[in-house]
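Read the structure below first, then the notes.
The values are calculated or read from the model by the stated rules, or taken from the named source; none is laboratory data. Since we're looking at a predicted model, the values are computed, not measured. Cβ placement follows ideal geometry from the backbone for every residue including glycine, while neighbour counts extend to all protein chains displayed.
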Amino acid sequence: MKIATWNVNSLKVRLPHVLQWLEAAQPDVLAVQETKTVDENFPLAEIEAAGYKSVFSGQKTYNGVAILSKVEASEVVTDIPYLDDPQRRILAATVDGVRVVNLYVVNGSEVGSEKYAYKLDWLAKVTAWLQEQVTQYPKLVVLGDFNIAPEDRDVHDPVAWEGQILCSEPERTALQTIQSLDLSDVFRQFEQPEKAFSWWDYRAAGFRRNLGLRIDLILASKALSESCTRCVIDREPRTWEKPSDHTPVVAEFAE
DNA sequence: ATGGTGGTCCAACCA
């Protein structure tokens with residue numbers, strides 16, 4: 001089973017890229033973040049024509065998450081206990097016996113800001129919910145745009161980024177707490193190239209200079225991580241015309 | 001040291 005995550009930064013603008021990538025990569029599941037599309041406008045038909053079912057939780061202008069899958073998803077959840085939040089950042093569904101939790105984690109803007117406090121609070125509440133999910137679903141994958149670079153090796157310039165948003169200790173600790181629920185960052189189960197990133201700022205020619213961060217993650221429960229055979233970052237879509245600032249991350253699991 | 005690009009939607013926000 002091939003499972004991928006991609007922050008597309010507007011599904012409307014990026015639909016041709018998504019369709020092109022699905023056609024080439026043929027994942028079983030693609031978790032999409034930042035669709036920025038209300039449910040009424042979701043491009044169901046175009047995605048269906050590419051051979052994929054969709055479930056989604058959309059919002060105007062901001063956020064929005066979706067799960068595209070070859071096999072129809074079931075048990076769809078968009079809201080969790082203790083987090084009464086209009087922002088559409090969470091989407092859970094079961095695909096072919098695997099529980100898929102798609103997260104678009106709060107960016108947080110700047111350490112110490114109101115949005116930063118919201119990020120840490122959001123993470124704490126989501127973590128409490130994930131703790132239940134781990135016991136409820138042995139085959140669980142939690143993936144998406146975490147807006148946290150787990151370690152210094154996931155940052156192009158760890159000195160410049162030290163203590164900054166996406167890299168601060170409270171954020172990293174929050175991520176470690178999630179990982180401590182026996183959710184493994186499958187990318188690090190394999191030998192990887194140096195300076196492997198999944199996001200590059202549009203500004204200052206970030207991609208050309210590889211000034212990136214690895215903030216798009218695939219975490220898998222023990223039962224699944226043990227069967228993971230491969231995890232790679234596919235940089236190609238980031239080279240296409242008018243790309244998202246993120247590129248897909250793909251994991252493969254043995255049947 | 002600052003600001004730079006891009007999406008949404010036309011001023012200002014979010015990233």
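Values computed for the structure shown
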{"item": "Test: residue in the stretch A:197-206 that is on the phi > 0 side of the Ramachandran plot and either assigned to a loop (DSSP other than H, G, I, E, B) or under 17 Å from the mean Cα position of the chain (by Cα) (or both)", "result": "no"}
{"item": "Single residue of the stretch A:26-60 satisfying the filter (more than 14 Å from DNA strand B (Cβ to nearest atom), in contact with a Gly (Cβ under 8 Å, 6 or more places away or on another chain) and among the hydrophobic types (A, V, I, L, M, F, W, C)) that is farthest from residue A:100 (Cα to Cα)", "result": "A:56"}
{"item": "Enumeration of residues in the stretch A:42-87 that are over 22 Å from residue A:22 (Cβ atoms), in a strand (DSSP E or B) and touching a Lys or Arg at 6+ places or on another chain (Cβ under 9 Å)", "result": "A:75, A:80, A:83"}
{"item": "Leading residue by the ranking (surrounded by the fewest Cβ atoms within 10 Å (Cβ to Cβ)) among those in the stretch A:226-255 that are more than 13 Å from DNA strand B (Cβ to nearest atom) and closer than 19 Å to residue A:148 by Cβ", "result": "A:233"}
{"item": "Long-range neighbours under 7 Å by Cβ, at least six apart or interchain, first residue in contact (Cβ under 8 Å) with a residue 60 or more places away in the chain and under 13 Å from residue A:102 (Cβ atoms) within the stretch A:61-82, second among the β-branched types (Val, Ile, Thr) and not in a loop (DSSP other than H, G, I, E, B)", "result": "A:65/A:32; A:65/A:90"}
{"item": "Extreme residue, nearest to DNA strand B (Cβ to nearest atom), among residues of the stretch A:1-24 that are part of a helix (DSSP H, G or I) and touching a Pro at 6+ places or on another chain (Cβ under 7 Å)", "result": "A:11"}
{"item": "Those strands (runs of 3 or more DSSP E) lying entirely in the stretch A:207-255 with at least 3 residues touching a Phe, Trp or Tyr at 6+ places or on another chain (Cβ under 6 Å) and not aliphatic (A, V, I, L, M)", "result": "none"}
{"item": "Residue check, residue A:100 surrounded by 14 or more Cβ atoms within 10 Å (Cβ to Cβ), away from DNA strand B (no atom under 16 Å from the Cβ) and either part of a helix (DSSP H, G or I) or modelled with pLDDT of 95 or more (or both)", "result": "yes"}
{"item": "Neighbours by Cβ (under 8 Å, 6+ apart or cross-chain): first from the stretch A:22-42, more than 27 Å from residue A:232 (Cβ to Cβ); second exposed (fewer than 14 other Cβ atoms within 10 Å of the Cβ)", "result": "A:37/A:12; A:38/A:60; A:41/A:12"}
{"item": "Members of the stretch A:134-187 that are at negative phi, assigned to a strand (DSSP E or B) and either within 16 Å of DNA strand B (Cβ to nearest atom) or not polar (S, T, N, Q) (or both)", "result": "A:140, A:141, A:142, A:143, A:145, A:155, A:185"}
